[in-house]
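Derivation of every value follows stated rules applied to the coordinates shown; laboratory data play no part. For clarity, every value in this text was computed on a predicted model and none was experimentally measured. We place every Cβ from the backbone using ideal geometry, glycine too, and count neighbours over all the protein chains shown.
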Amino acid sequence: MKSIKEVLARNLKINRLKMELTQEKLAEKADVSTHYLAMLELAVKFPSAGMLERLAMALEIEPYELFYMPSSAESALERLQETIAANIENIVAKSIKETLIKEYAAPPDKSIVI
């Protein structure tokens, strides 16, 4: 079982990345130091209630969402979705590569007279 610090650290980072924010940008939005934010994301420090509200506001989420712990079924579903997306990307890339090789590596059609 994860500690409350670890749950908070995970959710801070996930929500920050969802918003495509660097630690520096989030720290600026929440009016905290980058070092302090890094310590929160590493589960070294734990913020006050006021700081939790500022972080949630900066992340545009409700404060309770900082403590959300997905069930094991949700975690498994997330991993499955990531695996499927990666497999689709690989299949598409392979198909494009094969098409390009066939298109540009094939000998010219000799029936065409120039």
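So what are the ³J(HN,Hα) numbers for the stretch 82-90, from phi and the Karplus equation (6.51, -1.76, 1.60; θ = phi - 60°), rounded to whole Hz, Gly and Pro as x?
5, 5, 4, 4, 5, 5, 4, 4, 5
Can you give the relative contact order of the stretch 4-67 as a percent, counting alpha carbon pairs under 8 Å and 6+ residues apart?
43 percent
Take residue 51 and residue 68, extend 7 Å from each Cα along the Cα→Cβ direction, and tell me the distance between the two endpoints in nm.
2.3 nm
Residue 105 label point, 7 Å along Cα→Cβ, cut-off 14 Å on backbone N: hits in the stretch 59-97?
Residues passing the 14 Å test: 94-97.
Between residue 2 and residue 87, how high is the FRET efficiency from 1/(1 + (r/R0)^6) when r is the Cβ-Cβ distance and R₀ = 22 Å? Nearest 0.05.
The computed FRET efficiency comes out at 0.15.
Does the stretch 4-67 come out rounded, prolate or oblate, given a ≥ b ≥ c as the square roots of the eigenvalues of its C-alpha gyration tensor, rounded meaning a/c under 1.5 and, failing that, prolate meaning a/b above b/c?
rounded
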